[in-house]
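Below is one structure, written out as structure tokens; comments come after it.
The values are calculated or read from the model by the stated rules, or taken from the named source; none is laboratory data. Just so you know, these numbers come straight off a predicted model, no measurement behind them. All Cβ positions, even for glycine, are placed from backbone atoms using ideal geometry, and neighbour counts span all protein chains on display. Quick note on the areas: whole protein, heavy atoms, side chains included, nothing else; ligands and nucleic acids left out. Shrake-Rupley method; radii C 1.70, N 1.55, O 1.52, S 1.80 Å.
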Amino acid sequence: MHPPGMFDLKGRVALVTGAGQGIGAGIAAHLAAGGARVLVNDVVAEKAAQAAHAIVEAGHSAEPLPFDVTDLAGVLAALSGRAIDIVVNNAGNAGAQPMQPRPFREMDPALWKGPIDVNLNGVMHTTHAVLAGMCERRFGRLITIASGAGVVGLPIGVAPYGAAKAAGISFMRHMAIENAAFGVTANSLALGLMEMADVQDEALVARMARSIPCGRLGTGADIGPACVWLASDEAEWVTGQTIHVNGGSLTS
Ligand SMILES: NC(=O)c1ccc[n+]([C@@H]2O[C@H](COP(=O)([O-])OP(=O)(O)OC[C@H]3O[C@@H](n4cnc5c(N)ncnc54)[C@H](O)[C@@H]3O)[C@@H](O)[C@H]2O)c1
């Protein structure tokens, strides 16, 4: 998936949250193909097991590690005693519940909690669990999967989600500065419109694809290689950045 000798993740342990399907599964597969042993997290244990199994079937190293990133005690219990080198905070959207987009003026406050919990608290929970170990070992890679919605305003009814993604981006910037001297980098990938497991409407997909300069929606195969690069030794001088991976869509 990349030139031999470059971006080699052999000997690294990577955690990918929400990796039971979609983009996270693609990221996990690419990190594993790059040589990392991948801990495949999902709140749905069966999905984590299936995605880890697919990686192992492909000849790479993976292990399912189900937990809910919004539950700090559960995160700490699952990760304690593990030396984790790379974390990709991918669990997102509205968390375990489906996203319910609507204009903020019409939004029930109960709908704010899911996006904030998973996209901000979830990222802080995993970081809290792994950061001290990374600093002690003088190597760490924190990567947060953000969104264009965390960078610009959009008319699609996702204000709390956008605010939470912006918070995740800001948190990565602070982690980058606080931990730069310890060999730990922290970056965000701001994604554009991606293929979604639960969107099957072909006309809608075609309309969305036409709005993207590259002419198609993104997939895990577009995001995985970016994570491999950010996770690599070669990316040690890249930190505190928000990198847009979006097929050329405007972001400002
Ligand atoms: N799909 C898009 O168009 C798009 C665009 C920009 C950014 N993103 C971001 O990309 C990431 C992946 O998106 P996707 O569309 O592949 O997601 P998805 O909804 O298809 O899959 C997310 C996975 O995360 C799991 N999950 C949900 N809550 C969890 C929790 N609390 N703890 C652990 N696992 C949990 C789900 O069970 C699911 O398997 C998210 O952070 C999302 O916000 C997506």
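Key figures for this structure:
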item	result
Residues within the range 240-252 that are open to solvent by less than 40 Å² (accessible area, probe 1.4 Å) and modelled with pLDDT of 95 or more, tallied	5
In the range 25-47, the residues that are within 8 Å of the ligand (Cβ to nearest atom) and either free of Cβ contacts under 8 Å to residues at least 24 places away in the same chain or touching a Leu at 6+ places or on another chain (Cβ under 9 Å) (or both)	Asn41, Asp42
The range 202-231: number of residues that are of a type outside the set (A, V, I, L, M, F, W, C), in contact with a helix residue (DSSP H, G or I) (Cβ under 9 Å, 6 or more places away or on another chain) and not in a helix (DSSP H, G or I)	4
Test for Ile143: is it assigned to a strand (DSSP E or B) and under 17 Å from the mean Cα position of the chain (by Cα)	yes
Answer from Ala209, Ala181 - the residue that is of a type in the set (A, V, I, L, M) and at pLDDT 95 or above	Ala181
Leading residue by the ranking (surrounded by the fewest Cβ atoms within 10 Å (Cβ to Cβ)) among those in the range 52-74 that are within 15 Å of the ligand (Cβ to nearest atom), in a loop (DSSP other than H, G, I, E, B) and not acidic (Asp, Glu)	Pro66
Residues located in the range 1-51, provided they are closer than 20 Å to Ala221 by Cβ, open to solvent by 20 Å² or more (accessible area, probe 1.4 Å) and not in a loop (DSSP other than H, G, I, E, B)	Gly22, Ile23, Ala25, Ala29, His30, Ala33, Lys47, Gln50
Considering residues of the range 75-114 that are crowded, with 16+ Cβ neighbours inside 10 Å, of a type outside the set (A, V, I, L, M, F, W, C) and farther than 22 Å from Pro155 by Cβ only, the residue farthest from the chain's Cα centre (by Cα)	Asp85
Per-region count, the range 122-140, residues under 15 Å from the mean Cα position of the chain (by Cα) and surrounded by 19 or more Cβ atoms within 10 Å (Cβ to Cβ)	5
Any pair with Cβ under 7 angstrom, 6 or more apart, that starts in the range 61-86 at a residue that is over 21 Å from Met134 (Cβ atoms) and ends at one that is of a type in the set (A, V, I, L, M) and open to solvent by less than 20 Å² (accessible area, probe 1.4 Å)	Pro64/Val40; Pro64/Ala48; Pro64/Ala52; Pro66/Ala48; Thr70/Val118
Checklist (1) touching a Gly at 6+ places or on another chain (Cβ under 8 Å); (2) over 15 Å from Glu178 (Cβ atoms) applied to Val130, failing item	(2)
